[in-house]
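Read the figures in this text as sums done on the coordinates, not as results from a lab. Not measured: the values here are computed from a predicted model. Cβ placement follows ideal geometry from the backbone for every residue including glycine, while neighbour counts extend to all protein chains displayed.
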Amino acid sequence: MACTHSHEPQFEGLSPDYKRRLIAVMVINFAGFAMEMSAGALSGSQALKADALDFFADGVTYLISFLVIGQPLWMRSSAAIAKGLSLLVMGLWVAGSTLYQVLYIGMPQAEIMGIVGFIAMLANLVSVWLLMDYAKGDANVRSVWLCSRNDAIGNVAVMGAAGLVFVFQSGWPDLVVAGLMAALFLHSATRILIQALTEMRGATQHHHHEHL
């Protein structure tokens, strides 16, 4: 991750434009969570439920990110670590629930999966577009971008799974996509945690030098 080692000042979110975009994306994600979790329960799709959880986690992520804008580096890094850990837990939960579903596999409704996945993808593409100018920054800002990107990838995957469920009349594509999304959550959590811990270490060293 090149931006972690850059000596240039990183964008910390101190911009009225960024704050407005963050609030808009936050609202989109909480609405997406309500829509996809309802549709996941209705259709019996594990992939939709996994994507709904991603929406919810992202909404919370954006809220935390908004609250720590302008705070000291150690506080922003701590928030990013908390977000990374929550993403890690969510990834493990999706992986575990998908393994459970494998033992009790059922046929999700492909039509609901496809329609909801498409609507969710449009919502996420709007979010990605809103945050495109702020793809790089400190761990706090970067975690926001990674979450939005993950959502868009997840929606495309859900739509692909819906198509395969319909073609093969099998629930396996739904479970495979849920498993892949769990892996994506774990990968992003690792990247956020590594950058946040690096920034935290830098903040600690800077604080130590100031008091020497």
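For the stretch 112-185 and the stretch 27-91, compute the distance between their C-alpha centroids and round to whole Å.
Going from one Cα centre to the other spans 13 Å.
With a 10 Å Cβ neighbour count serving as the proxy for reagent exposure, in which order, fewest first, do 67, 186 appear?
67, 186
Please work out whether the stretch 14-210 counts as rounded, prolate or oblate from its C-alpha gyration tensor, where a ≥ b ≥ c are the square roots of the eigenvalues and a/c under 1.5 means rounded, while otherwise a/b larger than b/c means prolate and anything else oblate?
Taking the square roots of the gyration eigenvalues as a ≥ b ≥ c, the stretch 14-210 is prolate.
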